[in-house]
Amino acid sequence: MNTGVKQRCLLSPILFDVYIDFVMRQILEQAGTEGITMNYRLGDLWYSGRGKSDDVKLLALMYADDIAVMCQSTQELEKFIKAFEKGTQYFGLTMNIKETCFMSLRQFQKSTCNSKKRTEINHESCDITIRNQKIEKTDEFNYLGCYVSKDQTQYKDIETRVSKASSAFNSLRRIVWYRKCISIQAKIRIFRASVLPVLLYGSDLWSLTVAEEQRLKAFYMKCLRVIIGVSIGDRMKNDLVLQLTGQPTLENILRRNRLRWFGHVNRMDNDQNCPMLTKKTLFASFKDVKRPPHDIKLRWKDKVMKDITVVNIKNWRRETYDKDTWRKTINRGVAYGIVHTDATRVVREHKERAAERRARE
């Protein structure tokens with residue numbers, strides 16, 4: 001072998017990062033596009049009052065060979081894609097057109113933003129053809145396992161997560177959940193290791209509606225009921241199920257995940273104590289853009305501030321920089337307890353009472 005590295009070589013991801021970084025720099029120089037421009041506060045990034053601010057430009061998100069590009073207009077997008085196709089071909093790479101798509105975000109006319117009946121802007125059609133193949137326009141796409149939609153809702157992502165978690169749970173139904181020789185404590189550990197991460201993948205950045213949160217909660221409680229051997233017809237209350245299994249509520253788990261990511265990003269400063277790009281982007285907003293007065297949907301920022309109030313964090317600006325202290329603070333409400341010592345007996349007695357009730361009915 002004279003060129004390259006062997007499969008699974010430790011150097012291969014490093015060399016690929018260097019290579020794709022060089023290729024992207026050449027493409028950006030040829031395309032001349034700047035992406036989207038956002039504004040963030042200097043100093044206290046989350047302070048909404050007047051103060052010094054700066055712009056941050058964001059064009060592409062890159063993870064391995066998956067790239068998500070953001071542009072202000074269809075003309076800039078088409079210009080970038082043409083330059084990307086030309087540059088990748090020149091350096092020996094090929095863009096997969098079948099897995100490439102573009103999407104325009106939902107926008108409303110400024111004149112109707114203050115009214116309940118807002119008029120949506122119809123974006124001009126954009127036909128981008130590469131190698132005699134038309135790039136598909138879509139209303140949603142999957143990037144790194146998470147769905148992004150034009151109306152910025154998480155409905156599709158939640159349904160996908162529940163579907164995948166349900167498949168993971170059902171695959172263990174006969175070999176784990178229905179086995180009486182396996183203790184409830186062992187089943188709970190398997191559930192936390194193999195099902196819960198699938199269900200809550202990407203939950204750090206979710207800003208859920210009440211209906212979406214109830215959808216996740218219903219699946220979570222259904223799984224715990226199957227593990228201890230009760231059904232919906234037995235009418236066991238959720239509080240009792242959580243007490244018997246020693247598990248926290250799903251609301252507390254989601255709150256912990258959001259605050260964990262929030263603290264992680266807030267510590268992202270470079271050697272000069274300047275915020276890194278991830279931190280700038282998370283705390284940034286579009287300049288001179290106001291939220292409609294009738295838009296009651298909570299943003300991720302609003303969710304986090306509400307979580308901080310619920311957890312009773314006095315000074316998050318100071319506590320987030322101490323990783324150990326922050327971890328202890330946000331884990332207070334999600335401490336996993338032990339399974340109730342008489343869980344089997346309690347479940348059996350509850351099922352007997354439920355059977356008697358059904359017989360009377």
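A few remarks follow.
- One residue from Ser231, Ser203, Ser194, Ser207 being of a type in the set (S, T, N, Q) and over 28 Å from the mean Cα position of the chain (by Cα): Ser231
- Residues satisfying the stated conditions in region 237-261, i.e. in a loop (DSSP other than H, G, I, E, B) and farther than 18 Å from Ile188 by Cα: Lys237
- Taken over region 295-304, the residue count meeting the criterion of being at pLDDT 90 or above and not β-branched (Val, Ile, Thr) is 1.
- Residue match in region 215-230 (condition: closer than 29 Å to Glu356 by Cα, outside any helix (DSSP H, G or I) and not aromatic (Phe, Trp, Tyr)): yes
- The criterion of being in contact with a Cys (Cβ under 9 Å, 6 or more places away or on another chain), modelled with pLDDT under 90, within 29 Å of Met38 (Cβ to Cβ) and not assigned by TED's automatic domain parsing to the domain that holds Lys222 holds for Pro292.
- Beta carbons closer than 6 Å, at least 6 apart along the sequence or on distinct chains, pair a first residue in region 205-219 that is without any contact (Cβ under 8 Å) to a residue 40 or more places away in the chain with a second that is assigned to a helix (DSSP H, G or I) and surrounded by 14 or more Cβ atoms within 10 Å (Cβ to Cβ) for Lys217/Leu250.
- One residue alone among Asn312, Asn252, Asn257, Asn266 is at pLDDT 85 or above, within 17 Å of Val56 (Cβ to Cβ) and not small (Gly, Ala, Ser), and that residue is Asn266.
- Filter pass, Ala186 being part of a helix (DSSP H, G or I) and crowded, with 16+ Cβ neighbours inside 10 Å: no
- When region 157-183 is filtered for residues that are surrounded by 14 or more Cβ atoms within 10 Å (Cβ to Cβ) and outside any helix (DSSP H, G or I), the ones remaining, listed by number, are Leu172, Ile182.
- Arg131 satisfies every condition listed in (1) closer than 30 Å to Ala83 by Cα; (2) surrounded by 12 or more Cβ atoms within 10 Å (Cβ to Cβ) except (2).
Results for (1) under 21 Å from Arg225 (Cα atoms); (2) not in a loop (DSSP other than H, G, I, E, B), shown as yes or no for each residue.
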| position | (1), (2) |
| --- | --- |
| Asp288 | no, no |
| Tyr336 | yes, no |
| Thr341 | yes, no |
| Ala354 | yes, yes |
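- Within region 262-277, the set of residues being surrounded by fewer than 16 Cβ atoms within 10 Å (Cβ to Cβ), in contact with an Asp or Glu (Cβ under 9 Å, 6 or more places away or on another chain) and part of a helix (DSSP H, G or I) comprises just one member, His264.
The values are calculated or read from the model by the stated rules, or taken from the named source; none is laboratory data. Given the structure is predicted, the values throughout are model-derived calculations rather than measurements. No Cβ is skipped: glycine too gets one built from the backbone with ideal geometry, and neighbour counts run over all protein chains shown.
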